[in-house]
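One structure is given here, and the rest of the page talks about it.
The values are calculated or read from the model by the stated rules, or taken from the named source; none is laboratory data. As the structure is a computational prediction, the values presented were derived from the model and not from experiment. We place every Cβ from the backbone using ideal geometry, glycine too, and count neighbours over all the protein chains shown. When the accessible area is computed, the model is the full protein with side chains, heavy atoms only, and any ligands, DNA or RNA have been set aside. Shrake-Rupley method; radii C 1.70, N 1.55, O 1.52, S 1.80 Å.
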Amino acid sequence: MDLLGGPRPDDPGRPALTVAGRPLSRPALDAWAVAIAAEIRDARAVAVHATPTLETVAAVVAGLFAGVPVVPLPPDSGPDERAHILRDSGATHLLAASEAAFPDGPDVPPLVAVDRLRPAGAPDGLRTAAAPERATGVGRTARTAAVPGTDPGSTAFILYTSGTTGPPKGVLISRAAVAAGLDALAEAWEWTRDDTLVHGLPLFHVHGLVLGVLGPLRVGSPLVHTGRPSPGAYADAARDGGTLFFGVPTVWSRIARDPGAAEALRGARLLVSGSAPLPVPVFERIAELTGHRPVERYGMTETLITVSARADGDRVPGAVGFPLPGVRTRLAGEDGEPVPADGETPGDLEIHAPTVFDGYLGRPDATAGAFTPDGWFRTGDIAVVDPDGRHRIVGRASTDLIKSGGYRIGAGEVENALLAHPGVREAAVVGVPHEDLGEQVAAFVVAEDGVGEKDLIDFVAGRLSAHKRPRAVHLVPSLPRNAMGKIVKTRLAP
Ligand code: MLC
Ligand code: AMP
């Protein structure tokens, strides 16, 4: 099957996708993406200014049609993060809605104004749905002609994600990995074209983009993207017939605190949580208010989704379920020796799967370090596996990777941003438990007199994506260090 499924007639009353209230039919999306693909056929890679809009979906689909790696750019990434991603990825074009204000700069490639390439005609394509091929000129032939580089092994995405130190690394995800990952999820979640998927997650990560946009296009189920993942928007979409709902734990915990919104989800088929641990009290409250025990699943940018509870199985709070079809997992002890699946002994979780990435772009050492000598990916997560194969994630090997609101944030990247402030002498960043966000980014800073906490928060928000900003800054006279002079993060306290 083609990565995005074949073109299929739309029910005129049921658009293929609706993003922040704007509907679009599948034939209209395909026609738009073909027009954009024609502009980027010779591109090495295309960066997409990934706002939660129809333009982003059309741009991403165009990259896939053209066989060109797509590099989603967080729309609020500050100049440092943006310059790094553009330079490191080698993107030769930037796809954005023309009104997107993009500063010129040495590393900013030429802009392709996506909205100007939308074919004229019915604005959302819905009225032409009865005869899509004639109305849009898009059918198998036209699409195939727009797809020169669609070898399954070729790169679909370069997704930038934080490591413990330094700037984000580009994760190379092949078309075959995306296809395998989506098919495995469709099987486990009984996801069919009779579903309507609802979510409001950002369109620059695996969760919101790969699962949340390519998933419905491949399965053929309509997508309602709510713009932001607010409880009220999810409730409205449920009342309008949404059946399958995706959220990070912060989204579910906000819904759990909003009984009116939660009640509206009673008519849904499946509620899915992922990207960070779903706290047991949130699981239980959601089950009580909605009548649905949420399905929890586990994954990473580097592996896509590998372990999940099933639609036809038990959903156990605090557990992430079983390996998906085609996925093998194992636990390794500190000595590298296998750890038994006894439901008690924690080990480093390692993965072997068709969904695993092809390496970090231009970083052979980091790539080599991420795999065992026999080719299994080291997730960096600590897990316990029950004798029946059910997995629980119990921690992370490194405290320098923070998960806040489902976003992965490297302590080192935030520390470097803080150290770029002229008034900062030393900085240490940690994740501290937070009821709403899971973890909150907290910075301990030794600074010159007169530097305020808010100045530092705004300084980081202005250079990196705003979600990487510390939410708490503690100005301290010195940082705790060991005899070697290394900062001891476990001794940091406000
Ligand atoms: C706040 N803002 C600032 C600011 N303070 N901007 C500049 N300077 C400052 N000092 C702005 C933000 O830019 C944003 O603007 C708004 O204020 C609020 O941002 P926020 O603080 O991020 O919102 P918050 O409510 O805390 O977000 C919670 C959340 C979000 C759940 C909505 O964390 C989220 O979307 N998380 C999803 C992460 C995700 O998808 N992860 C998947 C990774 S893939 P504006 O304009 O935006 O309103 C993965 C694999 C897998 O993990 O397993 O799935
Ligand atoms: P990212 O690369 O942003 O995709 O983040 C991947 C990390 O998110 C994993 O290594 C885990 O630490 C965490 N994660 C994802 N899903 C879950 C989950 N269901 N439970 C616990 N941690 C999770």
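Is at least one residue of the stretch 185-206 assigned to a helix (DSSP H, G or I) and away from ligand 2 (no atom under 16 Å from the Cβ)?
So in the stretch 185-206, the residues assigned to a helix (DSSP H, G or I) come out as 185-189, 206.
Add one more test, that the residue is away from ligand 2 (no atom under 16 Å from the Cβ), and what stays is 186-187.
Looking through the stretch 185-206, at least one residue is assigned to a helix (DSSP H, G or I) and away from ligand 2 (no atom under 16 Å from the Cβ).
So which residues in the stretch 63-74 are of a type outside the set (Val, Ile, Thr) and in contact with a Phe, Trp or Tyr (Cβ under 8 Å, 6 or more places away or on another chain)?
Hits for the stretch 63-74 are 69, 72, 73, 74.
Taking the stretch 367-381, which residues are among the hydrophobic types (A, V, I, L, M, F, W, C) and under 21 Å from the mean Cα position of the chain (by Cα)?
370, 377
Name the residues in the stretch 473-494 that are open to solvent by less than 100 Å² (accessible area, probe 1.4 Å) and touching a His at 6+ places or on another chain (Cβ under 9 Å), would you?
492, 493
Taking residue 34 as the residue in question, decide whether it is of a type in the set (Val, Ile, Thr), in the same structural domain as residue 171 (by TED's automatic domain parsing) and open to solvent by 10 Å² or more (accessible area, probe 1.4 Å).
Yes: the conditions hold for residue 34.
Scan the stretch 448-459 for residues that are within 8 Å of ligand 1 (Cβ to nearest atom) and β-branched (Val, Ile, Thr) and jot them down.
457
Taking residue 434 and the conditions (1) free of Cβ contacts under 8 Å to residues at least 40 places away in the same chain; (2) away from ligand 1 (no atom under 13 Å from the Cβ); (3) of a type outside the set (D, E, K, R), which numbered condition does it fall short on, given that it satisfies the others?
The single condition residue 434 does not satisfy is (2).
Among 250, 301, 243, 290, which is polar (S, T, N, Q) and either assigned by TED's automatic domain parsing to the domain that holds residue 159 or more than 26 Å from residue 434 (Cβ to Cβ) (or both)? Don't jump to the end; show me each part of the working.
On the way: 250 fails: either assigned by TED's automatic domain parsing to the domain that holds residue 159 or more than 26 Å from residue 434 (Cβ to Cβ) (or both); 301 fails: either assigned by TED's automatic domain parsing to the domain that holds residue 159 or more than 26 Å from residue 434 (Cβ to Cβ) (or both); 290 fails: either assigned by TED's automatic domain parsing to the domain that holds residue 159 or more than 26 Å from residue 434 (Cβ to Cβ) (or both).
Unique residue meeting the criteria: 243.
Here's the yes/no breakdown for (1) open to solvent by 20 Å² or more (accessible area, probe 1.4 Å); (2) more than 10 Å from ligand 2 (Cβ to nearest atom); (3) modelled with pLDDT of 95 or more:
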site	(1), (2), (3)
376	yes, yes, yes
380	yes, no, yes
383	no, no, yes
388	yes, yes, yes
391	no, no, yes
399	yes, yes, no
404	no, yes, yes
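Strands (runs of 3 or more DSSP E) wholly in the stretch 377-483 with at least 3 residues that are in contact with a strand residue (DSSP E or B) (Cβ under 7 Å, 6 or more places away or on another chain) and within 26 Å of residue 303 (Cα to Cα) - which ones?
Numbers: elements: 377-385, 391-396, 401-404, 407-410, 424-434, 438-447, 472-475.
Ranges flagged: 377-385, 391-396, 401-404, 407-410, 424-434, 438-447.
I need the full set of residues from the stretch 159-173 which are more than 17 Å from residue 468 (Cα to Cα) and open to solvent by less than 10 Å² (accessible area, probe 1.4 Å), in order please.
170, 171, 173
Just checking, does the stretch 343-356 include any residue being open to solvent by less than 60 Å² (accessible area, probe 1.4 Å), assigned to a loop (DSSP other than H, G, I, E, B), of a type in the set (A, V, I, L, M) and touching a residue at least 40 places away in the same chain (Cβ under 8 Å)?
For the stretch 343-356, residues open to solvent by less than 60 Å² (accessible area, probe 1.4 Å), assigned to a loop (DSSP other than H, G, I, E, B), of a type in the set (A, V, I, L, M) and touching a residue at least 40 places away in the same chain (Cβ under 8 Å): present.
Out of all the residues in the stretch 38-45, is one or more part of a helix (DSSP H, G or I), modelled with pLDDT of 95 or more, charged (D, E, K, R) and more than 22 Å from residue 228 (Cα to Cα)?
The answer is yes, given that some residue of the stretch 38-45 is part of a helix (DSSP H, G or I), modelled with pLDDT of 95 or more, charged (D, E, K, R) and more than 22 Å from residue 228 (Cα to Cα).
All but one of (1) more than 16 Å from ligand 1 (Cβ to nearest atom); (2) of a type in the set (A, V, I, L, M, F, W, C); (3) open to solvent by 20 Å² or more (accessible area, probe 1.4 Å) hold for residue 444, so report the exception by its number.
(3)
Which of the following residues is at pLDDT below 80 and away from ligand 2 (no atom under 16 Å from the Cβ): 118, 127?
127
Considering only residues that are open to solvent by 30 Å² or more (accessible area, probe 1.4 Å), in a loop (DSSP other than H, G, I, E, B) and not small (Gly, Ala, Ser), which ones fall in the stretch 77-123?
Those that are open to solvent by 30 Å² or more (accessible area, probe 1.4 Å), in a loop (DSSP other than H, G, I, E, B) and not small (Gly, Ala, Ser): 92, 99, 102, 103, 104, 106, 107, 108, 110, 118, 119, 123.
Which pairs turn up if I take residues in the stretch 86-109 that are within 21 Å of residue 53 (Cβ to Cβ) and look for partners that are hydroxyl-bearing (Ser, Thr, Tyr) and assigned to a loop (DSSP other than H, G, I, E, B) with beta carbon separation below 6 Å, at least 6 apart in sequence or on another chain?
109/92
Quick check on residue 217: is it closer than 21 Å to residue 159 by Cβ and within 16 Å of ligand 2 (Cβ to nearest atom)?
no
Starting from residues that are open to solvent by 20 Å² or more (accessible area, probe 1.4 Å) and touching a residue at least 40 places away in the same chain (Cβ under 8 Å), keep the ones in the stretch 219-238 and report whichever is nearest to ligand 1 (Cβ to nearest atom).
Across the stretch 219-238, the extreme among qualifying residues is 228.
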